[in-house]
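Structure first, commentary second.
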Amino acid sequence: MDDDAEQDILGRMSMTPFEEKLFGLVERSDMDTVIPPLRQREMCPVCRRMFPSVHHRAWHQFIHLESYTGFLDKNYGTGDLPFFNFFVPCPNSDCSLKFIDFTDAKFHYLLEHQCCQLFCCGFRFSDYSMALHHLIEAEHRETRAPYRRHKHVLNLHPLYVCKCCDKMWPTRMEYTSHLQGKHNMCPDPMCKHLFNDNEKTITHFFEHHYKHLFMDGRYILLNYNIFLKYDKTQEERSIGTYHCENCYRRFKQRSDLHDHVEASDCVAIDRKVLCTFPPAVPCKCGYQFVYCYHQRDILLRYLPIFREALEHIAREAPYSEMPEDVIQIYHTMLRVLADVNYRLNNEKYYYYQRTNSSKHSTKFSPKQVSKILIGAVEYFVKIM
């Protein structure tokens, strides 16, 4: 197998840009056991430069790192290079294998930790060295027909196998879509837990990766419709061209205005007076608005953490092949939470009074804090 055929196989395994950045070179110590290159490679897969030896190619790997400072050109030039005292660790935190060559490390990572397997002649190979050994044996058997050797290499093709149902997928995109449709995967890129239910996935993400968040993230995400309503209402208020003569609510389309009038839910509201309606979670102080001053402080304490968790999910969404409509929901929730946080910090409430903390309920459960947040969003939608 030549270098071009090997890179073609690695390309079909579809490593994400995020995973590419996980690989780097680390200085080697006397106690480290490093796996040497599994095959003789002469070409750099990035710049396609040819090298006379594996040793020169190993040093050349530094040039394509973002942290490269040009020390090879200054100190070594094209002369003899010293012993290569570096290695490429496996990005998986539970794996201790170390490699000399980036290509061997990437094959190992995808085959061992990303459910990818190489198929050839009816055999499955989850170890790249075994696949290379199979190709060498096949080469000896096909000495009489050299043209078949290249064909045999092309038959070494990657497939992704689901650990839950053993179904096989020819591309990583289809495999990832299968995981998110059937066996939900944790949004954290370094966590590969699979779940049969989306609610279990959300619960796992917030309970294991955001233990410091005192909110029920699953409950909030299941009530995402109120965030969509908030975003739509805010957009109508800002750019709507049609308005109701009774409540002065604005609409972008005339048909929406007609539906609003015919529904008879138009109520004249004085924007300077806050609407009063039962609180989402009653407090011991008996405050009859959607939240009391104490609950407002709780929201201001935990909202930044919840926004950080949503930003984590939205940031990793492109690498996990998350559906576009779901990504848009997360971005909408982030916009709404930013606006709610701004309102909580800046709006003046005429009926707020600083009271002794003993007059308030001292403890709220995570689900109660989540209900307070949903109630606050509904409250702002009504008075907007």
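The values are calculated or read from the model by the stated rules, or taken from the named source; none is laboratory data. Quick caveat, the model's predicted, so the values are computed rather than measured. In this analysis, Cβ positions are derived from the backbone assuming ideal geometry, glycine residues included, and neighbour counts consider all displayed protein chains. Just so you know, the surface numbers come from the protein's heavy atoms only, side chains and all, with ligands and any DNA or RNA stripped out. Shrake-Rupley method; radii C 1.70, N 1.55, O 1.52, S 1.80 Å.
Let me spell it out: the conditions are (1) assigned to a loop (DSSP other than H, G, I, E, B); (2) modelled with pLDDT of 75 or more; (3) open to solvent by 30 Å² or more (accessible area, probe 1.4 Å), and Tyr302 meets all of them except one. Which number is the exception?
The one condition Tyr302 does not meet is (1).
Among Leu81, Leu25, which is surrounded by 13 or more Cβ atoms within 10 Å (Cβ to Cβ) and at pLDDT below 80? Working first, answer last.
Numbers: Leu25 fails: at pLDDT below 80.
Within the list Leu81, Leu25, the selection yields Leu81.
Of all residues in the range 170-220, count the ones that are modelled with pLDDT under 80, closer than 19 Å to Glu112 by Cβ and not in a loop (DSSP other than H, G, I, E, B).
4
Mind listing just one residue for me: the one in the range 85-132 that is of a type in the set (Lys, Arg) and either within 18 Å of Asp8 (Cβ to Cβ) or touching a Pro at 6+ places or on another chain (Cβ under 8 Å) (or both) and, of those, surrounded by the fewest Cβ atoms within 10 Å (Cβ to Cβ)?
Lys98
Among the residues of the range 221-246, how many are of a type outside the set (Val, Ile, Thr) and part of a loop (DSSP other than H, G, I, E, B)? Even if it seems obvious, please write down each step before you answer.
Of the residues in the range 221-246, the ones of a type outside the set (Val, Ile, Thr) are 221-225, 227-232, 234-238, 240, 242-246.
Restricting the remaining residues to those that are part of a loop (DSSP other than H, G, I, E, B) gives 223, 240, 244-246.
Result for the range 221-246: 5.
Here's the yes/no breakdown for (1) within 24 Å of the chain's Cα centre (by Cα); (2) within 15 Å of Glu6 (Cα to Cα); (3) of a type outside the set (Phe, Trp, Tyr):
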position: Ala105; (1), (2), (3): yes, yes, yes
position: Tyr109; (1), (2), (3): yes, no, no
position: Leu118; (1), (2), (3): no, yes, yes
position: Ser126; (1), (2), (3): no, no, yes
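Yes/no matrix, rows are residues, columns are (1) at pLDDT 80 or above; (2) more than 26 Å from the chain's Cα centre (by Cα); (3) in a helix (DSSP H, G or I):
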{"site": "Lys284", "(1), (2), (3)": "no, yes, no"}
{"site": "Glu311", "(1), (2), (3)": "yes, no, yes"}
{"site": "Pro318", "(1), (2), (3)": "no, no, yes"}
{"site": "Glu321", "(1), (2), (3)": "no, no, no"}
{"site": "Tyr330", "(1), (2), (3)": "yes, no, yes"}
{"site": "Ala338", "(1), (2), (3)": "yes, no, yes"}
{"site": "Arg343", "(1), (2), (3)": "yes, yes, yes"}
{"site": "Tyr350", "(1), (2), (3)": "no, yes, no"}
{"site": "Ser358", "(1), (2), (3)": "no, yes, yes"}
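Quick check on my filter: what residues within the range 28-71 are open to solvent by 60 Å² or more (accessible area, probe 1.4 Å) and touching a strand residue (DSSP E or B) at 6+ places or on another chain (Cβ under 6 Å)?
Answer for the range 28-71, where residues must be open to solvent by 60 Å² or more (accessible area, probe 1.4 Å) and touching a strand residue (DSSP E or B) at 6+ places or on another chain (Cβ under 6 Å): Arg28, Glu42, Met50.
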